[in-house]
1. Segment 357-445: percent of C-alpha pairs farther apart than 20 Å?
2. Using Cα atoms only, what is the angle between the long axis of helix 115-136 and the major principal axis of the chain, expressed in degrees (0 to 90) to the nearest 10?
3. When the gyration tensor of segment 131-245 is built from Cα positions, what are the square roots of 5 times its three eigenvalues, in whole Å, from largest to smallest?
4. At a threshold of 8 angstrom on Cα-Cα distance, excluding pairs fewer than six apart, so keeping six or more, what relative contact order does segment 1-118 reach in percent?
5. Can you work out the FRET efficiency for the pair residue 97 and residue 309, with r the C-beta to C-beta distance and R0 = 41 Å, to the nearest 0.05?
6. Between segment 280-351 and segment 394-445, what is the C-alpha centre distance in whole Å?
7. Tell me whether segment 219-277 comes out rounded, prolate or oblate; compute the Cα gyration tensor, take square roots of the eigenvalues as a ≥ b ≥ c, and use a/c under 1.5 as the rounded threshold.
8. Per 0.36 nm of contour for each residue apart, how much would the distance between residue 111 and residue 319 grow if the chain were fully extended, relative to their Cα-Cα spacing?
């Protein structure tokens with residue numbers, strides 16, 4: 001098969017997916033939280049045997065998610081039960097053999113929540129799973145129900161751009177109650193736009209496969225993140241009330257979609273000018289801005305004093321999560337392509353679910369720290385990914401491109417897929433881990 005025929009085959013392979021169930025998108029993220037606790041336990045147990053936490057974390061946190069994306073995707077729930085049992089046993093052993101177990105009290109755990117560590121785990125886990133999926137999706141071993149949906153549906157990979165918008169909003173200056181600077185934001189967005197241009201140029205130059213209905217012909221992930229942040233900052237500069245902007249943008253966007261914008265975006269209309277060629281990017285922008293503003297509002301609350309008590313934080317984030325899940329489930333099906341109201345609600349509900357999970361991880365990790373040496377063990381891989389998140393994502397994209405141009409991924413057997421994705425994840429995580437150890441942070445602005 002020649003290169004052009006394979007390109008068309010690959011593009012058709014990515015089309016017309018209908019997604020999975022809302023529950024399965026949550027099920028996929030649950031092992032990361034459980035395995036993070038298990039890796040902390042193993043780091044404590046094996047501290048006198050090895051100080052190389054990277055290998056422990058790679059085997060315990062990263063490899064299971066690679067397996068879930070390839071050869072054991074049908075057995076995630078069974079795997080989760082096994083992980084939970086092993087983790088519970090490890091905690092039981094550490095608790096019963098520690099002379100300091102009397103120090104683990106509800107009052108102590110409630111007053112010692114470091115929200116920055118929770119956000120670090122949140123952002124690191126999103127980047128990790130995204131990196132796995134962007135390569136794994138090119139192999140037949142990756143379940144098609146996890147791939148991006150064509151129009152409406154609950155695809156695991158549909159969560160990618162929404163969770164990135166949410167993760168970026170949580171660390172905006174406004175979210176940390178710092179002054180909003182339009183010039184600094186513009187300076188930070190320019191490299192993202194440049195990366196967006198480079199991605200488009202690379203696809204055009206190398207004739208790389210492209211699923212046009214994801215973002216459009218010239219538009220891509222980087223352009224969405226740049227314009228979402230820039231427009232969000234403009235709104236906050238006008239009026240620093242992100243919750244009000246969330247409601248206004250979400251309602252206005254949904255009205256426009258109902259008035260015919262959604263039909264236009266999802267139609268087979270010709271892509272004969274810059275707007276129609278990139279209608280997904282342009283017409284989903286207001287919805288993504290609404291999600292960004294919601295993340296800023298959530299971030300502002302997370303940096304207040306009440307949020308630094310574990311019970312308050314867990315209860316509030318869980319309540320927001322439950323409410324948003326109800327909205328997403330009771331309204332029309334979500335669509336990433338138009339970022340409709342149900343998609344915004346889904347991303348908020350899903351994002352808050354992950355945040356709540358990592359609040360629980362922090363509580364358990366704090367208890368483990370008390371039981372052992374007073375140090376809260378944080379997964380080094382997730383920390384290093386968060387430390388250099390853009391560099392990690394760029395490296396993952398670069399390696400994904402190289403692998404796709406070197407290997408006919410659609411013809412690789414499941415075991416071969418597992419091998420390739422495993423090596424790829426080892427290279428990306430180890431590189432970013434070494435950069436973190438040397439405190440080498442790549443700033444693109």
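Taken together, the values in this text are just the output of simple stated rules run on the coordinates, not laboratory data. This one's a predicted model, so the numbers in the text were calculated from it and none came from an experiment. Every residue, glycine among them, receives a Cβ derived from its backbone with ideal geometry; neighbour counts consider all protein chains shown.
1. So the portion of pairs separated by more than 20 Å is 53 percent.
2. 50
3. 30, 18, 11
4. 28
5. It comes out at approximately 0.90.
6. If you average the Cα positions of each part, the centres end up 30 Å apart.
7. Taking the square roots of the gyration eigenvalues as a ≥ b ≥ c, segment 219-277 is oblate.
8. Value of the extension gain: 72.9 nm.
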